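Quick one: the structure is below, questions incoming.
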Amino acid sequence: MEKVGLKFSHFFFCLLLLTYFFLMSIHSPRSNILIYVQNAIVVVFSLYNLFVRKDSYSYSLYKIFNLFSLFFFGLTPLLQYKFDIQFYKLGYVPDEYYIKSYFSLILVLLIYNYTYIYFCKKMSGSLSLYRFFDYSKKKVNESVY
């Protein structure tokens, strides 16, 4: 059953990736290859963590965060950039703001994922609270007999 779920998640990964590349192919008045590359890193990173990365839960805060970052950090800014959407009639956002914000976003996503994986491994390892209490009960039972 796990192999079927893995294939299903790969299907959605490929489908959303093709949708993303379709959005990238739409002609627009603004184009900057560095912004597109940084956006592609955010989108692929979010899609990978959402669908391909093995997780023991069918839904979790980690998956919800990656879904949020896919839509609101990946797809929405791309559409706003490509179609030159302006907020409050202040004009368009300059390219250097997009580049700086994507750089800081990629850095934050990497730090978040590293700390998430680190603490998940730490909690599932020998320092887990459950294992500590389980081990202490065995030791008490062994010393009584």
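The numbers here are math on the coordinates, done by the rules we state, and not lab data. Since this is a predicted model, take the numbers as computed values, not measurements. Neighbour counts are summed over all protein chains in view; Cβ atoms, including those assigned to glycine, are modelled from backbone coordinates with ideal geometry.
Take the Cβ-Cβ distance between Y59 and I106 as r, set R0 to 35 Å, and report the resulting FRET efficiency rounded to the nearest 0.05.
0.90
Note down the nm distance, to one decimal, between modelled labels 7 Å out along Cα→Cβ at M24 and at F83.
Output for this residue pair reads 2.0 nm.
Next up: Can you tell me how much longer the chain between F71 and I117 gets when fully stretched, taken as 0.36 nm per residue apart minus their C-alpha distance, in nm with one decimal?
Here the segment from F71 to I117 would lengthen by 14.3 nm.
Work out the charge dipole of segment 1-114 with +1 on the Cβ of Lys and Arg and -1 on the Cβ of Asp and Glu about the Cα centre, then indicate which of F11, Y98, Q38 is farthest towards its positive end.
Farthest towards the positive end: F11.
Mind counting lysine pairs for me in segment 4-104? Cα separation below 22 Å, and the two need to be 8 or more apart along the chain or on different chains.
Count of close lysine pairs: 4.
Once you have the Kirkwood Rh of segment 64-121 from its Cα pairs, apply Stokes-Einstein at 37 °C and 0.692 mPa s and quote D in µm²/s.
Here the translational diffusion coefficient equals 251 µm²/s.
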